[in-house]
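The values are calculated or read from the model by the stated rules, or taken from the named source; none is laboratory data. Every value quoted in this text rests on a predicted model; they were computed, and no experiment measured them. When we count neighbours, we look across all protein chains shown, and the Cβ atoms used for this are built from the backbone with ideal geometry, even at glycine. Just so you know, the surface numbers come from the protein's heavy atoms only, side chains and all, with ligands and any DNA or RNA stripped out. Shrake-Rupley method; radii C 1.70, N 1.55, O 1.52, S 1.80 Å.
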Amino acid sequence: MRPFKFISAAAIAALLSGCGVAGADCASEASQQVILSILREQVGKAAEADLEAEDGTRLAGSSRIGATVAELEMTLEDIRTTKKDPDSTKRFCAGTARIVAPLTMIQDADQTRKLLDMGDVDSLFEQAGLKRSADALSFDIEYSVQPTDKRDKIYGEVDGAGFQLTALGQLVGAHLARREIEGATQAKAAQDAAAAAKTARQVQAAQQADLDLSAAENKLAAQKINALWRALPDDTRSQLLELQRAWVRKKAADCDIEAAGASAEAVPREAARLRCDTRMTLARFDELQSLLE
């Protein structure tokens, strides 16, 4: 799906063949049909552009797009002649284009746009100047009609409706692309979930390895200070016993505080506690070593 772009509709023209077309009045059935054919054609082109990928492929073929555009019920209302030259057969007209879209089309388009973080369809309609009432959309339209010299065809032009026709094309495109976009979104979500799970496993493995290393180092530090303690003279151990017990309690309390501040997770918190214990134990070892010397 492409960002909102406006097709140029300063003078969109078309010819409509008719049997025995006598004239081209703004409100005649033949005139309305040629203008409506212009609107449908331009909506289809806008939908094709919206569904086209960078490599030139489209999410839907022209026939499918055309069939979907045909589901839009288009009519012209409040038709009036704004300019009539007695020396010319050309008539300048104004009115209201009314489009009724199937509710499922609007719902699909709304879902697609939300999946793509493009806003809902109401924001699309508002940006394009389309008035919405339930499933009916409308906008003011100016056009001109004129019979050919043989009066067997009517030539029509629509002026300045590019914003609205582009939005209708994007409505059709978003409706047709819903399944593909949902599938791609679900596939990406599954891929992201798998990547997140893999990352989580890697983090857990790294945390466990860090804990194992911290535990091994702490065990060696404990063995080292215990051996030194046993090597102290009996009278020195007796003198230091209460002091050593107080140090052990302080070490435990300080390391619990340090670990709590390191992480809220159990494994890295325990690794932090063990590293603290090892660091303080080795520092105490140096102090006791001086006594032995």
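From the list 292, 243, 282, 232, which residue is in contact with a Ser or Thr (Cβ under 9 Å, 6 or more places away or on another chain) and more than 30 Å from residue 103 (Cβ to Cβ)? Only one candidate qualifies: 292.
Report whether or not residue 256 is modelled with pLDDT under 95 and either open to solvent by 60 Å² or more (accessible area, probe 1.4 Å) or among the aromatic types (Phe, Trp, Tyr) (or both). Against the criterion (modelled with pLDDT under 95 and either open to solvent by 60 Å² or more (accessible area, probe 1.4 Å) or among the aromatic types (Phe, Trp, Tyr) (or both)), residue 256 does not qualify. Can we say residue 145 is among the hydrophobic types (A, V, I, L, M, F, W, C), part of a strand (DSSP E or B) and open to solvent by less than 60 Å² (accessible area, probe 1.4 Å)? Criteria met by residue 145.
Restricting attention to segment 225-253, the residues being of a type in the set (Ser, Thr, Tyr) and open to solvent by less than 50 Å² (accessible area, probe 1.4 Å) number 1.
If the condition is being surrounded by 13 or more Cβ atoms within 10 Å (Cβ to Cβ) and touching a helix residue (DSSP H, G or I) at 6+ places or on another chain (Cβ under 8 Å), then segment 63-90 contributes 64, 65, 66, 68, 69, 71, 72, 74, 75, 76, 79.
So, of the residues in segment 262-271 that are in a helix (DSSP H, G or I) and either touching a residue at least 40 places away in the same chain (Cβ under 8 Å) or open to solvent by 70 Å² or more (accessible area, probe 1.4 Å) (or both), which turns out to be nearest to residue 215 (Cα to Cα)?
First pass over segment 262-271, keeping only residues in a helix (DSSP H, G or I): 262, 266-271.
From what's left, either touching a residue at least 40 places away in the same chain (Cβ under 8 Å) or open to solvent by 70 Å² or more (accessible area, probe 1.4 Å) (or both): 267-271.
Values: 267: 11, 268: 12, 269: 12, 270: 9, 271: 7 Å.
Going through the qualifying residues, I end up with 271.
Quick check: anything in segment 171-185 open to solvent by 50 Å² or more (accessible area, probe 1.4 Å), modelled with pLDDT under 95 and either of a type in the set (A, V, I, L, M) or closer than 21 Å to residue 33 by Cα (or both)? Taking every residue of segment 171-185 in turn, at least one turns out to be open to solvent by 50 Å² or more (accessible area, probe 1.4 Å), modelled with pLDDT under 95 and either of a type in the set (A, V, I, L, M) or closer than 21 Å to residue 33 by Cα (or both). Restrict the check to segment 118-128 and report whether at least one residue is among the hydrophobic types (A, V, I, L, M, F, W, C), part of a strand (DSSP E or B) and open to solvent by 10 Å² or more (accessible area, probe 1.4 Å). The answer is no; no qualifying residue exists. Taking residue 246 as the residue in question, decide whether it is out of contact with any Asp or Glu (no Cβ under 7 Å at 6 or more places or on another chain), part of a helix (DSSP H, G or I), free of Cβ contacts under 8 Å to residues at least 24 places away in the same chain and among the aliphatic types (A, V, I, L, M). Judged against the criteria, residue 246 is a match.
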